[in-house]
Structure formats: structure tokens, C-alpha cells
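Notes follow the structure.
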Amino acid sequence: MTLDNIFSKNIRNKYEISDYRHAATILKNDFPNEFKELVELLENFTISHKEITTPGGRKSPIAEKFDHKLYSQGWEEKKWDINVNIDGNKFPSPTHNVDYYKNRVAVELEWNNKDPFFDRDLNNFRLLHELGVISVGVMVTRADELQELFVKLKKGKSYGASTTHLGKLTPKIIGGGAAECPLLVFAISQKACIKV
């Protein structure tokens, strides 16, 4: 099954999509409700120029949109307490919070963090998948081409080369950062932006 068969033309235009280990097929066929909710969010998602130029706080307007939509549908921020038991000795192996979790599907949104956050997220997906906690990981970030728009809007320095974008994520995935975890990546492109 190709991405053309799985995602609408609208989604394929608005995002650069990367599919590792058949994540899209697993998500669509094994988790149809979660697939439907994510697709609905991505279909209708836009970023305004105003949202790009608004100074950041605890959460960006982009993250707030994801929070509002997914939390209202029963997704949750989730952390697991994991202990490894060796000869009766417990060794904690805590996970980092996953931004959005529902029914074995984990989603991370990395809009404008420092790029080491990708290492943390991918390692988290790897561990949770190895332990049978998640079946698929989804990463949403920004396409490299958005930098041109940021420069035009005089926000180029706020979205620097060492922050989270597809060009920083792809080598980490290819290098095995998520190991065997099926991973689906959506990189938000300029076609998702509106001049408001």
C-alpha cells in the first residue's frame, strides 16, 4: 500500500511524509479510529503568519492546536514507570512524556525545540516499542522549506539550523534512532501556511 492510497492529496501536499517500517499501513489498518482522528487533524491544520510571529511561551500556538483537538478526543500526555529487574534488583528506566498517546499509538510534536529532542523522542519510541507498549510512533515537525518563510517574516533567528526540522530528524532515523519501531513522519510545509 503506497502513501497515495493511504493519504489524501491535500495531506500529501501540506506535509512531507516519511514512512518507516510500514507505519502508515499499521496505523490505518490496526488503529482505524486513531488514524481517522490524526488524519482529520492534519487535513484541517493550518498555520497563520501571525502564529509564526507570535513570541513563544510555554507552548506555541501550533502545539495548542494539537492539544485542543487531540485531548478533546481522548488522547493524553503519557509517561510510563518502567523498571528492569535483575536478580531481584530493580533498576528504574523511566520514559519521557509522550505528547499524545492513545491505544498503542504515540505522537510527538516537535515544532521548534533544540534538535537533541529528536534523540530523546526516538529513543522513547524505541524503548516503548521493544517493551510492547506502543505499536507505532508518529512524529510531526516542520519541513526545511519553512525556513524561507521564517526569514521573510523576520523570524529566521527564532527558528535556527539547530532546532527541530526534517533535515535534522531524517539522519537520526536512518541511523537507527527508533530501532525497529514503525515510524510515520509528517513535516509541515509552506502549503499548510495561510497569510493571516
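Just list whichever of 79/168; 157/195; 168/191; 155/191 have alpha carbons separated by over 27 Å in the model shown. Don't jump to the answer; show the numbers that get you there.
Working: 79/168 25 Å; 157/195 20 Å; 168/191 21 Å; 155/191 18 Å.
Where the Cα-Cα span goes over 27 Å, no listed pair is concerned, since all stay within it.
Phi-derived couplings, Karplus 6.51 cos²θ - 1.76 cosθ + 1.60 at θ = phi - 60°, listed residue by residue for the stretch 87-92: 6, x, 9, 8, 10, x Hz, with x used for Gly and Pro. Per-residue ellipticity at 222 nm computed for the chain from its helices equals -11000 deg cm²/dmol, with DSSP H segments shorter than 4 residues left out and the rest contributing -39,500 (n - 2.57). Other residues with beta-carbon under 12 Å from the beta-carbon of residue 16 carry, at +1 per Lys or Arg and -1 per Asp or Glu, a net charge of +1.
Gain in length, residue 103 to residue 120, computed as 0.36 nm per residue apart minus the alpha-carbon separation, to one decimal in nm?
Answer, rounded to one decimal: 4.0 nm.
Here the stretch 3-194 is treated as a sphere whose radius is the Kirkwood value from Cα pairs; by Stokes-Einstein at 4 °C and 1.567 mPa s it diffuses with a coefficient of 75 µm²/s. For the chain, a Gaussian network of Cα nodes joined below 10 Å ranks 157, 114, 14 by mean-square fluctuation, and the top entry is 157.
A cut-off of 5 Å between modelled amide H atoms, ignoring neighbours fewer than 5 places along the same chain, links residue 113 with 164.
For residue 14, the aspartates and glutamates whose Cα comes closer than 15 Å to its Cα, not counting residues fewer than 8 places off in the same chain, are 4, 40, 43, 144, 145.
Between residue 90 and residue 53, the modelled label-to-label distance comes to 5.3 nm, taking each label 7 Å out from Cα in the direction of the beta carbon. Using Cβ point charges alone (K and R +1, D and E -1), the dipole size of the stretch 3-194 about the Cα centre works out to roughly 620 debye. Shown here: the stretch 1-99, whose C-alpha atoms stretch 54, 41, 23 Å along the first, second and third principal axes, sorted largest to smallest.
Every read-out reported here was derived from the displayed coordinates using simple, explicitly stated rules and does not represent laboratory data. Quantities reported herein were computed from a predicted structural model and do not represent experimental measurements. So basically every Cβ, Gly included, is an ideal-geometry build from the backbone, and we count neighbours across all protein chains shown.
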